[in-house]
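Everything below concerns the one structure shown next.
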Amino acid sequence: MRCVAERRWARLWQGLASLIAGMLLCSMVQAQAVRLPALPLNDAEPVVEAQGAGRSWTDAQGTTSFEQVLRSRDTLFEPDNSDVIYSLRDRGAVWLHYRLLRGRSERNGWMLVFPMPGLDEVTVWQQDSLGQWLASTAGDMHAVSTWAGPGRYPYFRLELPPGQARDVYVRIRHHTSANFPVQLITEAAYSQRVQVEYMAVGLTFGALMLLITACLSRALVYRDSAYAWYSLYGSITALAVAAYTGVAAHLLWPGFGSQGDSPQGCLALLFAAAALLFARSLVGISARHLLLDRAVFCAGLAGIGLAALFPMLSKNVGLPMMSLYVALAPLTAMCIAFAAWRRGDEVGLWVLAAYLPLSLALLMTLLRVFGWLPVSFGTQYAVVVGITIKLPLLLVALNIRSRERHNAEIREQALSSQDALTGLLAPHLFHDRLRQVVARFRRDQESAAVVFIDLANYSRIKGAYGSAVAEQSLLRTVIKLRRVLRDVDTVSRIGEARFGLILEGVNSRAAVSDRSARLIAAGLMPLKGLKPDVTLYFHIAAVLLDERVMDGPELVDGLGALLEIMSPRTRRPIRFLAPEMTLPMPIDSDSSLHEPWPDSGLQPAAAVAS
């Protein structure tokens with residue numbers, strides 16, 4: 001019995017010793033947890049990367065209150081790992097705990113900064129001078145005007161009395177997977193950083209506005225709607241960049257908070273839809289790929305509809321839909337541009353070069369959104385760099401396409417004002433010019449000569465050598481005409497082998513005969529190396545307005561009739577319409593008894609002077 005009692009007492013003493021040792025160990029762990037070293041802050045190091053400098057805890061359900069966290073802080077928090085990418089979804093939250101110590105001799109205040117414009121919500125708790133815990137909230141889910149410190153991204157001023165360690169608690173909610181950059185920075189360093197950031201942002205948006213204004217002015221000056229559409233596309237792009245970088249929420253709509261961060265998603269969808277529609281219009285695939293053209297057009301319209309629908313969708317549905325559409329839009333534009341480049345279109349190469357960096361930047365952004373890349377300056381602002389590169393390259397492509405369209409329009413206009421073969425003035429414009437010259441002569445007595453020239457052996461050339469040689473003969477005629485005429489003289493092809501001339505300022509037959517003789521001689525001269533050796537014969541009919549004033553149609557009929565009566569081998573190939581015959585004024589008052597000489601308008605060949 002004595003042995004049994006001794007064994008019982010031994011077990012009791014062992015249990016009591018184990019209990020005392022456990023209590024001592026817990027008290028040591030608690031003392032060690034409470035007495036965690038504070039992070040010193042001094043002005044010599046104005047920026048401190050706080051990731052990994054504190055402790056963290058992930059609340060998967062997001063239901064823990066701050067009071068519960070404060071009571072259980074010694075058991076909940078673990079050392080923070082800066083490389084962790086959190087997947088919080090709708091309800092989850094990340095808690096961070098920092099213990100900070102500001103030096104006694106330090107003069108600068110400190111700030112807690114979260115340089116992530118797209119951060120959904122962050123709440124910071126810190127104690128005031130009376131020891132009470134105060135909370136401040138910022139993030140995309142709240143209007144910027146309600147933040148403690150409005151800006152592009154959340155920041156909080158810290159209450160850190162010199163020489164006293166203070167605890168700071170942070171709760172972060174964010175729908176997509178991400179690591180959360182946290183920085184401790186002095187107020188002076190933060191002020192300088194903000195100025196540098198807004199200087200860079202100002203330069204970017206200044207360049208965008210200059211580009212948009214220049215395109216609007218071109219659209220007005222050249223009446224080219226393509227530049228107007230590009231201005232609209234550039235404006236949507238500028239708004240999307242402003243929303244993505246946090247500038248829009250800070251400066252354009254700081255009080256907007258009814259739909260949270262929906263403007264970013266809406267503008268991203270509009271930007272992608274505008275990119276599709278503009279690339280389709282610029283590359284021009286409807287002629288060769290009609291089905292693809294219609295599919296891209298429908299996809300662009302669908303993007304506009306999705307942008308209007310996005311605020312009404314939950315984030316679980318809206319964000320994947322938006323990410324997929326924004327990723328596919330530039331890839332589709334690249335496929336269109338590559339197909340155009342393959343068929344030899346220079347514009348396709350420029351569009352491909354414009355969308356390639358943007359596609360890579362969007363790929364980095366999607367990898368960051370899905371948690372495969374960490375949040376950093378490069379992954380956040382690569383899209384801005386890609387857009388900055390894309391817009392000037394697209395403008396170059398637009399200029400090339402606009403020049404091509406203008407050249408086509410000029411050629412189309414030339415077809416209506418010029419002869420397609422010879423490039424001379426069209427017949428209807430020649431007749432208009434002839435009427436103007438006759439009217440000016442009757443009004444101001446400005447002399448002029450009208451000359452019609454026939455290539456007399458055109459039919460024989462065409463029958464013997466074919467249409468190609470006949471057309472070549474007409475072109476040779478134009479060259480010879482250019483050599484004997486002045487630049488101010490009007491030349492037109494008014495028939496198949498007939499040319500019309502208006503020689504303004506010419507008032508003598510000698511000047512007309514001299515030029516006509518030189519033209520006839522040039523046609524008879526053989527051209528070296530020409531096969532077949534074709535000689536050109538010209539018949540010329542002319543009239544001086546000083547000698548005979550007739551209306552335009554009458555002049556055309558009279559000169560045409562004069563050419564028709566010439567035989568193919570006439571020895572007088574240069575002929576003039578006879579001057580008008582006038583009578584002296586009758587002396588007696590009974591002038592009605594006298595009849596004027598009859599004027600048939602066209603004198604017989606014997607009355608025509610060569």
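Tell me, in nm to one decimal, what length is gained between GLN127 and VAL384 on full extension, where the rule is 0.36 nm per residue of separation less the Cα-Cα distance?
On the way: separation 257, 0.36 × 257 = 92.52 nm, distance 3.87 nm.
The GLN127-VAL384 span can extend by a further 88.7 nm.
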To the nearest 10 degrees, how steeply does helix 427-444 sit against the main Cα axis of the chain, on a 0 to 90 scale? 70
Over 20 Å intervals from 0, what percent of Cα-Cα pairs in the chain sits in each interval? 15, 27, 19, 15, 13, 7, 2, 1, 0, 0
One would report the Cα pair-distance distribution of region 471-587, bin width 5 Å, in %, as 2, 9, 19, 22, 20, 12, 6, 4, 2, 1, 1, 0, 0, 0
Give the residue from ALA521, VAL488, THR570 lying farthest towards the positive end of the charge dipole for region 433-587; charges sit on Cβ (+1 for Lys and Arg, -1 for Asp and Glu) and the dipole is referred to the Cα centre. ALA521
Relative contact order (%) - criterion: Cα under 8 Å, at least six apart; region: the chain: 9
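I need the shape label for region 89-137. Rule: rounded when a/c is under 1.5, else prolate if a/b > b/c, else oblate, with a, b, c from the alpha carbon gyration tensor. Don't jump to the answer; show the numbers that get you there.
Working: a/c = 2.58, a/b = 1.69, b/c = 1.52.
Prolate, because a/c is 1.5 or more and a/b exceeds b/c.
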Net charge of neighbours whose Cβ lies under 13 Å from the Cβ of THR146, counting Lys and Arg as +1 and Asp and Glu as -1: -2
Taking H placed 1.01 Å from N in the peptide plane, check which residues at least 5 places from PHE538 or on another chain put their amide H under 5 Å from its amide H. ALA456
Would you pull out the residues with amide H under 5 Å of LEU39's amide H, same chain only if 5 or more places away, H placed 1.01 Å from N? ARG99, LEU100, LEU101
Test of understanding: what is the full-extension gain from ILE85 to LEU367, defined as 0.36 nm times their sequence separation minus their Cα-Cα distance? 100.3 nm
What list of ³J(HN,Hα) values in whole Hz, one per residue of region 39-55 in order, does the Karplus curve 6.51 cos²θ - 1.76 cosθ + 1.60 (θ = phi - 60°) give from phi, with Gly and Pro shown as x? 7, x, 10, 9, 5, 5, 10, x, 10, 10, 6, 8, 5, x, 8, x, 10
Does anyone have the angle between helix 2-34 and the longest principal axis of the chain? Alpha-carbon axes, 0 to 90°, nearest 10? 40
When the solvent-accessible surface of protein heavy atoms is calculated with a 1.4 angstrom probe, in what order do ILE565, ILE285 fall, highest first? ILE565, ILE285
When all protein chains stay in place, what accessible area (Å², nearest 10, 1.4 Å probe) is found for CYS266? 30
Farthest toward the dipole's positive end in region 133-235, which of GLY234, VAL194, TRP133, given Cβ charges of +1 (Lys, Arg) and -1 (Asp, Glu) about the Cα centre? GLY234
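Report the full-extension gain for the segment SER567 to ARG482: residue separation times 0.36 nm, less the Cα-Cα distance, to one decimal in nm.
28.0 nm
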10 Å-binned pair-distance histogram of region 233-283 (Cα, whole percent): 27, 47, 20, 6, 0
Kindly write out, for region 349-365 in residue order, the coupling ³J(HN,Hα) from the Karplus curve 6.51 cos²θ - 1.76 cosθ + 1.60 (θ = phi - 60°), rounded to whole Hz, with x marking Gly and Pro. 5, 5, 5, 4, 5, 6, 8, 5, x, 5, 5, 5, 5, 5, 5, 4, 5
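With the other protein chains left in place, how much accessible area per residue, in square angstrom, belongs to region 277-362 at a 1.4 angstrom probe?
On the way: 4250 Å² over 86 residues.
Averaged over the residues of region 277-362, the accessible area is 49 Å².
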Long-range HN-HN contacts of ALA53 with modeled amide H, under 5 Å: none
With charges only on Cβ, +1 for K and R and -1 for D and E, what is the dipole size of the chain about its Cα centre, in debye, rounded to 20? 2040
Top positive-direction residue, dipole computed over region 31-187 with Cβ charges, set THR75, VAL144, LEU119: THR75
Work out the length of the dipole vector of region 343-450 about its Cα centre, built from +1 on the beta-carbon of each Lys and Arg and -1 on the beta-carbon of each Asp and Glu, and round it to the nearest 20 debye. 180
Could you give the angle, 0 to 90 degrees to the nearest 10, between helix 315-342's Cα long axis and the longest principal axis of the Cα atoms of the chain? 30
Any idea how far apart MET321 and ARG403 come out in nm if each label point goes 7 Å out from Cα toward Cβ? 4.4
Could you state the orientation-averaged shadow area of the convex hull built on the Cα atoms of region 166-225, in nm² to one decimal? 7.9
In Hz, Karplus ³J(HN,Hα) per residue of region 171-177 (6.51, -1.76, 1.60; θ = phi - 60°; x = Gly, Pro): 10, 10, 10, 7, 6, 8, 6
The chain - percent of accessible surface contributed by carbon and sulfur, probe 1.4 Å: 60
With n ≥ 4 as the cut-off for DSSP H runs, can you work out [θ] at 222 nm for the chain, using -39500 (n - 2.57) per run divided by the number of residues, rounded to the nearest 500? -17500 deg cm²/dmol
With each pseudo-label sitting 7 Å past Cα toward Cβ, what's the ALA44-ALA165 distance in nm, one decimal? 2.1
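Quick one: Cα convex hull volume of region 303-351, Å³ per residue? Intermediate results must be reported in sequence, preceding the final value.
Values: hull volume 3.3 nm³, N = 49.
Roughly 68 Å³ of hull volume per residue.
The values are calculated or read from the model by the stated rules, or taken from the named source; none is laboratory data. Just so it is clear, the structure is predicted and the values come from calculations on it, not from any experiment. As a convention, Cβ positions derive from the backbone with ideal geometry for all residues, glycine included, and neighbour counts pool all protein chains shown. Just so you know, the surface numbers come from the protein's heavy atoms only, side chains and all, with ligands and any DNA or RNA stripped out. Shrake-Rupley method; radii C 1.70, N 1.55, O 1.52, S 1.80 Å.
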